[in-house]
Amino acid sequence: MHKRSNEPIVWSLFGAGGVVVAYSMPVFILITGIAVPMGIVSADVLAYDRLAGFAAGWFGKLFLLVIISLPLWQSVHRIFLSLHDFGITGGEVFFRVVLYGAALWGTLLPLYLLIGM
Amino acid sequence: MSTRKPYVRPMTGWWLKNPVYIRYILRESTAVFVGIYAVILLIGLIRLSSGEAAWNGWIDAMRSPGAILFHCVALGAAVYHAITWFAVAPKVMPPLYFKGEKVPVEKLVTAQYILAGVIYLVLLGLILWS
Amino acid sequence: MANNEKTIEIEVLRYRPEEDDKPFLQSFKVPFTDDMSVLQGVQYIKDYLDGSVSFRWSCRMAICGSCGMMINGVPKLSCKTFLREYYPGKITLEALKHFPIEKDLVIDLSDFIGKLESIKPYIVPDAPRALEEGEYLQTPRQLDRIAQFSSCINCMLCYAACPQYGLKPEYLGPAAIALLHRYNEDNRDSAKAERMQLLNAHEGVWGCTLVGYCSEVCPKDVDPAAAINRNKVNSTIDYLLRFVAPRGGN
């Protein structure tokens with residue numbers, strides 16, 4: 001009757017991602033997507049040597065993993081719940097696999113890349 | 001004999017029927033931009049791991065007008081996400097007591113704005129000047 | 001009646017199960033004075049214009065929780081809302097959203113009553129207490145943890161505000177979870193583990209997506225959204241802790 005839900009797993013990742021997005025993403029979007037491309041700040045701040053050096057250290061690896069992976073979990077969780085809001089009630093397993101699978105891929109791939117850098 | 005015939009109203013288009021619901025759907029929609037931006041960052045990481053030429057290609061791709069337009073909208077979405085996140089956080093965390101008094105919700109929200117402001121400045125400082 | 005009286009248009013969503021296949025709007029012109037509530041407006045309709053209009057009411061003072069209805073699309077207690085607030089515009093009344101309409105403004109609330117019973121909305125002591133042992137003691141801080149959530153009058157406005165309840169009626173919903181939280185947080189109660197099973201389920205706290213409208217419409221400032229979402233944290237801790245301490249598992 002009252003079957004325990006496994007939602008705490010994805011909800012925790014969603015919550016952590018939501019915090020990361022709220023407290024950091026506006027700055028990253030501003031720098032990588034607006035300020036540097038429009039030449040408002042020098043492209044040197046995103047120079048290859050600088051970023052590659054950052055990704056070489058353990059703190060840099062962890063930082064990049066957190067800002068890429070957790071927002072993905074936050075995003076797919078909201079999108080998954082929105083499907084139901086918009087009346088898409090079928091194919092729950094399919095959407096779970098596709099969306100949460102994408103977030104898992106978006107965690108394991110950067111993890112693999114960062115370890116190798 | 002029972003003449004009961006309860007009528008269940010349909011939910012079609014419910015999200016447009018109340019400004020509160022519209023703001024809710026708007027909040028949930030920010031997830032699309034957050035997700036796309038996270039994928040853009042992930043592509044950036046893939047390029048970074050493949051060497052300097054690939055990385056510079058990613059930087060060039062960010063200069064296209066379409067990319068800049070997307071990031072302007074995404075910035076708005078991320079800020080809207082932050083505003084709504086700070087607004088509901090006091091409903092998720094357990095009540096906080098200070099000197100025996102419950103800390104009011106408004107102060108908790110303000111505290112988050114201050115914290116976010118400090119973190120934004122620190123991040124900007126580290127990215128731009130270090 | 002007094003000379004200064006005005007007339008307001010009130011539309012009522014009618015549904016008569018014996019005659020109608022679906023609800024329809026019926027308009028009434030109601031003379032009113034500034035001190036009249038929406039409930040009094042509907043009572044005027046029943047007394048003078050159409051005696052077949054059905055609605056629930058009792059106390060007329062926002063404590064019995066019977067007279068909730070959608071007033072221009074917003075769930076409100078009709079006794080606590082005044083006709084003058086809408087004049088010269090018109091008022092549209094509809095039975096509380098997300099519940100089946102039994103007749104006119106009367107909803108079928110059996111689903112909510114069942115949920116209310118299921119959460120054991122009463123203190124379950126761990127052992128029977130003899131009279132000579134005296135009263136249960138509670139500090140002001142302990143009372144403060146539950147006071148807000150104990151103000152619920154079961155008016156169901158929060159269910160009418162919650163699209164998730166409308167989309168999935170199996171969801172336990174705002175008021176039931178707020179009251180569940182009120183008893184779980186009570187230092188005199190010991191049925192928390194049992195109630196947690198309801199929260200931990202898919203139909204429990206996980207039915208909520210924090211729209212937050214439940215807390216906005218609550219006439220008693222209960223803040224069900226806070227009760228639900230704090231219990232998402234509790235349920236998550238419970239989920240993880242069962243691997244350490246098996247007592248919380250199912």
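The values are calculated or read from the model by the stated rules, or taken from the named source; none is laboratory data. The shown structure was predicted, so the numbers you read here are calculated from the model rather than taken from an experiment. Ideal geometry is used to build each Cβ from the backbone, glycine not excepted, and the neighbour counts take in all protein chains shown.
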Selection from the range A:37-85 of residues that are free of Cβ contacts under 8 Å to residues at least 40 places away in the same chain, surrounded by 16 or more Cβ atoms within 10 Å (Cβ to Cβ) and of a type in the set (D, E, K, R):
A:ASP85
Return yes when A:LEU108 is within 21 Å of B:ALA54 (Cβ to Cβ), in a helix (DSSP H, G or I) and at the interface with chain B (Cβ under 7 Å from one of its Cβ atoms) and no when it is not.
no
How about the range C:64-99: which of its residues are in a strand (DSSP E or B) and either buried (at least 22 other Cβ atoms within 10 Å of the Cβ) or under 12 Å from the mean Cα position of the chain (by Cα) (or both)?
C:GLY68, C:MET69, C:PRO75, C:LYS76, C:LEU77, C:ILE91, C:LEU93, C:GLU94
Whether any residue in the range C:111-132 is outside the structural domain of C:PHE24 (by TED's automatic domain parsing), hydroxyl-bearing (Ser, Thr, Tyr) and in a helix (DSSP H, G or I) is what I want to check.
yes
Enumeration of residues in the range C:15-59 that are outside any loop (DSSP other than H, G, I, E, B) and hydroxyl-bearing (Ser, Thr, Tyr)
C:SER27, C:SER37, C:TYR44, C:TYR48
Hits in the range C:232-244 - residues which are within 8 Å of chain A (Cβ to nearest Cβ) and either among the hydrophobic types (A, V, I, L, M, F, W, C) or assigned to a loop (DSSP other than H, G, I, E, B) (or both)
C:LEU240
Test C:ALA175 against the stated conditions and say whether it is touching a strand residue (DSSP E or B) at 6+ places or on another chain (Cβ under 7 Å) and not in a loop (DSSP other than H, G, I, E, B).
no
Which residues, counting only those in the range C:182-231, are outside any loop (DSSP other than H, G, I, E, B), within 14 Å of chain A (Cβ to nearest Cβ) and of a type outside the set (A, V, I, L, M, F, W, C)?
C:GLU194, C:ARG195, C:GLN197, C:ASN200, C:GLY207, C:TYR213, C:ASN229, C:ARG230, C:ASN231
Is it true that some residue in the range B:103-118 is outside any helix (DSSP H, G or I), away from chain A (no Cβ under 11 Å) and under 24 Å from B:ARG27 (Cβ atoms)?
yes
Only one of these conditions is not met by B:PRO95: (1) more than 7 Å from every other protein chain (Cβ to nearest Cβ); (2) assigned to a helix (DSSP H, G or I); (3) surrounded by 13 or more Cβ atoms within 10 Å (Cβ to Cβ). Which number is it?
(2)
Picking from C:GLU170, C:GLU102, the residue that is at pLDDT 95 or above, of a type in the set (Asp, Glu) and part of a loop (DSSP other than H, G, I, E, B) would be C:GLU170
Looking at the range C:17-34, I want the residues that are farther than 20 Å from C:THR81 by Cβ and have a partner that is among the polar types (S, T, N, Q) and exposed (fewer than 14 other Cβ atoms within 10 Å of the Cβ) with Cβ atoms under 9 Å, at least 6 apart or on another chain. Which pairs are those?
C:PRO17/B:THR3; C:GLU18/B:THR3
Just to be sure I understand, how many residues within the range B:40-52 are more than 7 Å from chain A (Cβ to nearest Cβ) and under 15 Å from A:ILE67 (Cβ atoms)?
3
Single residue of the range C:163-201 satisfying the filter (among the hydrophobic types (A, V, I, L, M, F, W, C) and within 22 Å of A:ASP85 (Cα to Cα)) that is surrounded by the fewest Cβ atoms within 10 Å (Cβ to Cβ):
C:LEU167
Of the residues B:PHE86, B:PHE33, B:PHE70, only one is over 30 Å from C:ARG230 (Cβ atoms), of a type in the set (Phe, Trp, Tyr) and either at the interface with chain A (Cβ under 9 Å from one of its Cβ atoms) or outside any helix (DSSP H, G or I) (or both); which?
B:PHE70
Any chance C:LYS90 is touching a residue at least 60 places away in the same chain (Cβ under 8 Å), not aliphatic (A, V, I, L, M) and not assigned by TED's automatic domain parsing to the domain that holds C:TYR213
yes
Going by the structure shown, is A:GLY15 part of a loop (DSSP other than H, G, I, E, B), of a type outside the set (Val, Ile, Thr), closer than 28 Å to B:VAL73 by Cβ and more than 7 Å from chain B (Cβ to nearest Cβ)?
no
Quick check, is C:SER58 in the same structural domain as C:GLU11 (by TED's automatic domain parsing), modelled with pLDDT of 95 or more and surrounded by 15 or more Cβ atoms within 10 Å (Cβ to Cβ)?
no
